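**Student:** Below is the structure I would like to discuss, written out as structure tokens.
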Amino acid sequence: MPDRLGPSDATMAPGGLLDVLGVAAVVLDDRGRIVLWSPPAEELFGYSYEEAVGRHAAELLTEPSGRDEVLAAFAQVMAGQGTWAGAFPVRHKSGRTVLVEFRNMRLQASSTWYALGIASERETLDRVERDLALSARLVDQALIGLAVLDPELRYVLVNPALERINGLPAAEHLGRTPAEVLPHLDVAAIEERTRQVLASGKPVLEEFATGHVPHDDGREHAWTSSFYRLEDQAHRVIGLAISVIDVTEQHEQARAAAQARRRLSLIADASIRVGTTLDLPTTARELADVTVPEVADIAAVDLLDAELPGSLGRNTGEGPSRFRAMALKAAHSTLATVAADPVGQVSHYPRRRLVAQAAASARPVLVPRIRPADLARIARSEEAAQLLLEAGVHSYLAVPLIARGHVLGTLDLKRTRNPAPFDRDDVLLATELAARAAIAIDNARWYQHQRQAALALQRHLLPPQHSLQAPGLAIAHRYQPASTTVETGGDWFDVIPLAHDRTALVVGDVMGSGITAAATMGQLRTTTRALARLGPDPAELLGHLDETAHDLGDTMATCLIALYDPATRRCRLATAGHPPPVLARPGQHPHTVPLDPGPPLGVGGIAFRTHDLTLRPGDDLILFTDGLIEVRDQDIDQRLQTLTDLVAGARRPLEDTCDLLLTALLRPDTQDDVALLIARVLPTATV
């Protein structure tokens, strides 16, 4: 048995566990009399030091019925037969009975033996034991990872949940710091946070972090961690508690939901951004723009050349396929763009190329992680494959552009800086984008086909080039189709040779557009040529055309006729609702010729008037349709003033004047076609 008492300062310090338990110390001499009575004993039993010291413990603290048991236990301890421990009912000074847990042992001081009794109220002890048992159970079975660190940030407790989270047993934690246990995470941030909490006492709650753990390579994990400073009853810092919750699944679900929202937003954005025009190159560029950098770092749009307007024919399915590079977009400067086919170039892709396979099979081709051998099937040449390797292209996806069940080309996607490989979700997204864009591309393709056909029809209805000659006049002309519609217009011009070297100059505009307007224009032009040769006055000729337009049904048109005689240089003009011509005379500022406008053809019942105008050598008479001067945001008089200012000053060749007027007055988004006819009076000697 020990003969010295040496409790540590930490155990006996105020606020320690013994104070919480209310542990009382009582020392008895060999006759059972109290020789030491601690302050906690005063609180536990109710007797003061003066009331207890010197009295027999059995008489003071026990009922008569229990004294024999107490004395037997005392004799056992004093005989050196071991320590006695157990719970025993004790009489409190107040008269109530208190169940007390005892630990008794024999002590020797010099040659005298004493009995030391350590006692605590059983109810208090049970409560502490329950709390400890509950705490231990919660720590061991909690799904939340729990750890306790000492003030030097060394692990002193790790529960099973944290073992699973960190992938290490508790034994490999204890005595080590987070930097030693978790080198794969941002431990500098973790230790900085723990030191802040230790210093300030302010807890940090649910701090979110992500990282990778060795036991689950490749998968990103997510945690929320909380940090609390631990203090004892005396408010001394004894360490730090950390709780960790693995929220990887929730993080992945949230990331998947965010990615789904982003993809839906991208698809909605593509519906707005792709197909804003009916121009094929523009539509292809819009598709490439919408995919970079959201889907890929590099995007290329290639169309089958056989599907483009003006193609010589479709692919036969044998031999290489002809692709035309329509657009190329990169999120950053990269050698991969040098490796791509130049925009506008037609290339022959062998069947082994993945982009050709995507077009031939009408199915996406995915290479999540590119190997060096794959580059030969992606690049157009060995040199291009080397450039792709140097550019760091690591993932590839080719998606066919399919509209109305027909493959038009491919969307070619590559990743360099984006570390994630293309996956099935990317395939679905790219396929959806390609499907939407393919409709716009097909519309633009159809537009180009129809536009070419419309222009061919329109030009066929206009007079042939060799017929636009007139005695005494130099002639220049232009026909400019509308830039924003595929339908043919009804504008026309004509130079009609008449008897006695006279010439009829005609410009007209059938209201409306489309094949009907073009057909009506052809009928009116043919009628005009036939009637003009009969020699009627311009006003009379317009009267006949008005009847013709009325006979054609719901048809209206404007028309200007100028009948020129080089012998007299007399020009007779009449108009049916058409803009007046402009006279540009050397030495004078150009001006419009004042005419009675008259009603449009097809109105009927209103007479037309002929005006006479004498021309001089060098005069330019400019006839045009309203598409040259009508715009929505400017007054017609202002536009006429602009026209006259343009042709003022130094004389130009007529062809240059035509180009000047079209370039300066027409806008890219014009919705009307334009007919322009300029006649310059030549000197008499050339007549």
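The values are calculated or read from the model by the stated rules, or taken from the named source; none is laboratory data. Everything numeric here is computed off the predicted structure, so don't read it as measured data. Here the Cβ is made from the backbone with ideal geometry for all residues, glycine too, and neighbour counts use every protein chain on show.
**Student:** Please tell me if G543 is surrounded by 16 or more Cβ atoms within 10 Å (Cβ to Cβ) and under 54 Å from the mean Cα position of the chain (by Cα).
**Tutor:** Answer is no for this residue.
**Student:** Taking the conditions exactly as written (more than 60 Å from the chain's Cα centre (by Cα) and part of a loop (DSSP other than H, G, I, E, B)), does R609 satisfy them or not?
**Tutor:** Yes.
**Student:** Restricting to the stretch 492-538, name every residue that is aliphatic (A, V, I, L, M), surrounded by fewer than 16 Cβ atoms within 10 Å (Cβ to Cβ), touching a residue at least 24 places away in the same chain (Cβ under 8 Å) and closer than 23 Å to Q469 by Cβ.
**Tutor:** Once the filter is applied, which keeps residues that are aliphatic (A, V, I, L, M), surrounded by fewer than 16 Cβ atoms within 10 Å (Cβ to Cβ), touching a residue at least 24 places away in the same chain (Cβ under 8 Å) and closer than 23 Å to Q469 by Cβ, the stretch 492-538 yields only A499.
**Student:** More than 22 Å from V681 (Cα to Cα) and not β-branched (V, I, T): is that true of P668 in this structure?
**Tutor:** Considered against the rule, which asks whether it is more than 22 Å from V681 (Cα to Cα) and not β-branched (V, I, T), P668 comes out as yes.
**Student:** Please find, within the stretch 553-577, the residue that is surrounded by the fewest Cβ atoms within 10 Å (Cβ to Cβ) out of those that are touching a residue at least 60 places away in the same chain (Cβ under 8 Å) and touching a helix residue (DSSP H, G or I) at 6+ places or on another chain (Cβ under 8 Å).
**Tutor:** A567
**Student:** Shifting gears a bit: Keeping to the stretch 245-299, report how many residues are of a type in the set (V, I, T), part of a strand (DSSP E or B) and at pLDDT 90 or above.
**Tutor:** Residues that pass the stated criteria total 1.
**Student:** Could I ask something else about it? Here is a check on your reading of the model: is G80 touching a residue at least 24 places away in the same chain (Cβ under 8 Å), more than 13 Å from V26 (Cα to Cα) and either charged (D, E, K, R) or touching a His at 6+ places or on another chain (Cβ under 6 Å) (or both)?
**Tutor:** Criteria not met by G80.
**Student:** Could you tell me which of the residues L428, L413 is in the same structural domain as R263 (by TED's automatic domain parsing) and surrounded by 19 or more Cβ atoms within 10 Å (Cβ to Cβ)?
**Tutor:** L413
**Student:** Sticking with this structure for a sec: With within 30 Å of H332 (Cβ to Cβ) and among the charged types (D, E, K, R) as the only criterion, which of E307, E252 stands out?
**Tutor:** E252
**Student:** Condition check: acidic (D, E) and part of a loop (DSSP other than H, G, I, E, B). Does D554 satisfy that?
**Tutor:** Yes; evaluated as a whole, the condition is true for this residue.
Yes/no matrix, rows are residues, columns are (1) buried (at least 16 other Cβ atoms within 10 Å of the Cβ); (2) at pLDDT 90 or above:
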| residue | (1), (2) |
| --- | --- |
| F608 | yes, yes |
| L613 | yes, yes |
| D633 | no, no |
| L646 | yes, yes |
| L661 | yes, yes |
| D673 | yes, no |
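**Student:** Then there's this: Collect the residues in the stretch 192-236 that are free of Cβ contacts under 8 Å to residues at least 24 places away in the same chain and of a type in the set (V, I, T), keeping them in residue-number order.
**Tutor:** Within the stretch 192-236, V204, T224 meet the criteria.
**Student:** Still on this structure, please answer the following. Does R263 satisfy being in contact (Cβ under 8 Å) with a residue 40 or more places away in the chain, in the same structural domain as R424 (by TED's automatic domain parsing) and of a type in the set (K, R)?
**Tutor:** Taking the combined requirement at face value, the residue satisfies it.
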